[in-house]
1. Of the options SER285, VAL362, LEU236, report the single residue whose Cα projects farthest towards the positive end of the charge dipole of the chain (beta-carbon charges: Lys, Arg +1; Asp, Glu -1).
2. What is the packing order of peptides 158-164, 683-689, taking the mean over residues of other C-beta atoms within 10 Å and listing the highest first?
3. Less than 12 Å Cβ to Cβ from ASN263, Lys/Arg counted +1 and Asp/Glu -1: what total charge do the surrounding residues give?
4. Once you've got the Cα coordinates, tell me which of LYS421/LYS480; LYS306/LYS585; LYS565/LYS585 are over 27 Å apart.
5. Determine, for THR286, THR205, the number of other Cβ atoms within 10 Å of each Cβ, and report the residues in order from fewest to most.
6. Mark the label point 7 Å from the Cα of ARG155 along Cα→Cβ and return the residues of region 216-244 whose backbone N is within less than 20 Å of it.
7. With contacts defined as alpha carbon pairs under 8 Å and 6 or more residues apart, what's the relative contact order of region 179-311 in percent?
8. Please work out the FRET efficiency for the pair SER81 and ASN300, using the Cβ-Cβ distance as r and a Förster radius of 51 Å; give the result to the nearest 0.05.
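Only the coordinates and a few stated rules stand behind these numbers; no lab work does. Note that the structure is a prediction, hence the values are computed from the model and not measured. No Cβ is skipped: glycine too gets one built from the backbone with ideal geometry, and neighbour counts run over all protein chains shown.
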Amino acid sequence: MDISHLLNSLNDAQRQAVTASLGQQLVLAGAGSGKTRVLVHRIAWLVEVEKASPWSILSVTFTNKAAYEMRGRIEQMLGISPQGMWVGTFHGLAHRLLRAHWREAGLAEQFQILDSDDQLRLVKRVIRELALDENQWAPKQAQWWINGQKDEGLRPQHIQTAGDLFLTTMVRIYTAYEQACARAGAVDFAELLLRSLELWRDNQTLREQYQARFKHMLVDEFQDTNAVQYAWLRHLAGKNPSLMVVGDDDQSIYGWRGARIENIQQFQTDYTNAEMIRLEQNYRSTATILKAANALIDNNAGRLGKQLWTDGNEGEPIALYAGFNEQDEARFIVERIEQAVRDGMSRSEIAILYRSNAQSRVLEEALLRSGVPYRIYGGQRFFERAEIKNAMAYLRLIGNRGDDGALERIINLPTRGIGDKTVEALRQHAREQDVSMWQAACDLLDNKGLPGRAANAVQGFMVLIEELAERAEGVPLYSKAQIAIEHSGLLRFHEQEKGEKAQARVENLEELVSAARGFENDMAEEDEEGDVLLAFLAHASLEAGETQADRFEDSVQLMTLHSAKGLEFPLVFMAGVEEGLFPHKMSLEDPGRLEEERRLAYVGITRAMQQLVITWAETRRLYGSETFNKLSRFVREVPVELIQEVRLGNQVSRPFGPGKTGLFAADASESTGFALGQRVMHSLFGEGVVLNYEGQGAQARIQVNFDDEGSKWLMVAYAKLEPL
Ligand code: ATP
Ligand code: MG
């Protein structure tokens, strides 16, 4: 048998891992050293050499995008689609398991996934029902606490409160929240994992069935598994499994969500025969980028310690750009992207990474203005937009009348005269009788428990839902979506609203129909079985973002640093690299969290293959307030000779090195005659400071913050501004 294609493109250490005899392996290595490549080759090795059935392989990774890419790479290696192989995220796989065994797991057949928004709403309701003061017991904090317990595998009855008021109250909320979830047939993200762990643990028959099936297990990004995930693996693995885990302690970035670097040591304790393999050559990045990453991470204490080298070329210096404000930063990034595309790079080879989701809006706007196609992962994602969630709520209710969250969302949307009082009456009845709100509505209509007008309105709503359900019966998914947006009145509702936002909502709703169409095609291709509507709803909660833009259009990739894990791009922008934003201000006080932020910076830097561009903004408007910023310490931890500063035409000196004027410098004065930050005088508005500009020549516009009149956009050609 010719196995050269499995081994040719590997170095010795990688080959050792791929060809290891069946047993346990721990591959511990730095970024870009080929861990994921080893995993993929190992899978191909198992299939081709060990003659493992694809059906017997389970491979877990961290993000949906990474899982999607892994599937692609496996297909490419094997030359066939790996039918029956389970490749996915922990959450995705747990979901799949629970769908198949909802009865054993004690769930409703049509159980729905609560995303974090839905969950917060439910927690809020529970707190209100318990008559607790929301100011003292903040819903967000309770949500966080509950998820933390679940990530540790703890149910309310496991928690020792020892009379502590905080703990006692949290346990009360947790308990009531669990009941509310059960009533609604709803499962949150953490519950997916915990529930499936309990299924393995308590149901011997099922456990043995799956142990027998998954003879080979592989885990990527092992450093970010939490307690429940690790226990999940342990239960599934049995005594002497064929189990390969790969990871990098320097890339553990989910400590705040319960991930445990300690699982790496735990693995060695639990599997004393495990073979430990280290990879030391980096194949991804230029020497410059790698040196920067190594220098940065060296500032963390208590690392497992790794050597990472490359025989690649030095490459370009890291470019550093100080934006005057976030608009200027965004425009600089877009200009450099346009430049790179003109130079022949494709847009999908370019990524913009940022610390906080909220940063994406300004970047998106700049990209939109310049007509640069982009896709965004995470954040204000397609499936998280209000209008889409409304439409999805109709679909959810069609699928499951017991879905209280969905019902509450749309019972009066579009408005149909069902007021808060009526909704509260339904809620109360539901609570007292321990039934769903839909059932409560049936009851109250039957025994005339609602005033006449409200009763009519509720009746009207229920008839509408039944009608929709009837129409949606047996038609393809995209028709269901169409029915949900059109016959519900949602589309008309938004069409009648005014303004650009409303227009975008209408477009998004229309996009939902194409998303549904695309999803159904994919599902047919992947040979998935089951209820396509349910699968689509789960997809909306789990894989948000994947369908929002045309998958085949060449587009720039936008994502948070967290979701960039495992990925690589020839050109990477890291935006907003300033103290308070990155490292995030919440982590400044706590050395442990600061180190986690540094690991996040390490992840960011090591995504870049050829060129890394770091940007920051001296002033930034974010979450509605303005901050004055300092360059991030993480940039200062990179040796200065690796960095080249890119500057605006005539700006003041930088805190950093003697920098040169970069090739790509965006020069405001060229297009407007004024520099950003310059003071100017206008005959009508008085004195002000130049904030921003766009366009060129006769089209050039300039934004000035006038001392008395506030900020205004003006056409440069007509404004007759005087420099001061
Ligand atoms: P991360 O820690 O970021 O997840 P990783 O260790 O998983 O990184 P990979 O993504 O597997 O690294 O590999 C990084 C890059 O190096 C990929 O483009 C991969 O194809 C390439 N690569 C890995 N090993 C080799 C090799 N032996 N020869 C050539 N290229 C390689
Ligand atoms: Mg990887």
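1. Final value for the positive-end residue is LEU236.
2. Taking the mean over residues of other Cβ atoms within 10 Å, the ranking is 683-689, 158-164.
3. -3
4. Violating the 27 Å limit, Cα to Cα: LYS421/LYS480; LYS306/LYS585.
5. THR205, THR286
6. 227-236
7. 21
8. Once rounded, the FRET efficiency stands at 0.80.
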